[in-house]
1. Can you compute the modelled spin-label distance between LYS112 and GLN196, with each label point 7 Å from Cα toward Cβ, in nm?
2. Where the centroid of each part is defined by its Cα atoms, how far is segment 21-71 from segment 165-229 in Å?
3. Loop-only GluC sites (Glu not before Pro) in segment 34-84, please: DSSP not H, G, I, E or B, and at most 12 other Cβ atoms within 10 Å.
4. Long-range amide H contacts for ASN48: which residues qualify at under 5 Å (H placed 1.01 Å from N, peptide plane, sequence gap of 5 or more or a different chain)?
Amino acid sequence: MLLAALGSAQAAGVSAGVPAMATLLAAPVAQQVEWGQRFEHGEGVGRNAGRALTLYCAAAGRGSVDAQYRLGWMYAMGRGVARDDALAAAWFRQAAAKGDPQAQQMLKAIGKVAVKTASCRAPAAQLQSVAYRPSTPRPLDLDTPERRQIVAWVNELAPQYQLDPALVLAVITAESNFRADAQSTASAMGLMQLIQATADRFGVQNVWDPQQNLRGGMAYLRWLLAYFRGDVQLALAGYNAGENAVDRNGGIPPYAETQNYVARILQQYGRMWHPHVEGLTEPSALVAALPPGQGPVRTTPVAAGR
């Protein structure tokens, strides 16, 4: 799956007036498609097929028919990527299945081709720096025994919740900076900054116990990833502002704190998608249109006893 490189080097290369990719990847779907078009066609910005493809991929993975069609068009025309009729047809099929008439016409024009799964990949040299790979988080400051102990706990507990330890550590860094005694003005507490309602919801009896706090935060993060079907942006926004706020706003809420929070963790974590637990909860309406078990996210079964 194609991901954006969210480091400061990339942000520094963006022209004045053009949002950083981290900002665009935390933006609503319509805005991702709009900026994807600008980068694809060079409308007011330098033409950049890599950024266009990245934004279309992010939007398509969240169910955008427009983005799915545009991905098909890029591969069908060889626009900034190696031409691939089979991959183009795969994207057109996704859009056509949702009633897009242009995609249906393009499928007829392409004709019979090999069957491929709709996916994003890095076919051109300029895209190599943003190819999907296992996350490599920024080095953590582990200069104290307490921090090293927290990392050891996360590495032990995260797999029990089907979570990438790197994602959990990025959340802890943003939430408490590894302070087990942290408390916010909104009464969020501990390493993963649980409010009392969330602690109660996920069975945390002592929110100040570091391991209980970690388990409660991981349980909530796992639930959010299932609710938003592996979309890391939406799950992080839900962790910060609540899943209801994400649903009401149709995506990342327009709160500076939440937008900065999502961008900061994405810069640390470096991945837009995470395997989610299928069947843990009914999905949000924002992502419910994606077919179960399909799309950019690999699903994992619910672990027994969890």
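Every read-out reported here was derived from the displayed coordinates using simple, explicitly stated rules and does not represent laboratory data. Just so it is clear, the model here is predicted, and its values are computed rather than measured. All Cβ positions, glycine included, derive from the backbone under ideal geometry; neighbour counts span all protein chains shown.
1. Each label point lies 7 Å from its Cα, and together they span 6.8 nm.
2. Their Cα centres are 32 Å away from one another.
3. For GluC sites (Glu not before Pro) across segment 34-84 that sit outside H, G, I, E and B with at most 12 neighbouring Cβ atoms in 10 Å, the list reads GLU43.
4. GLU40, GLY42
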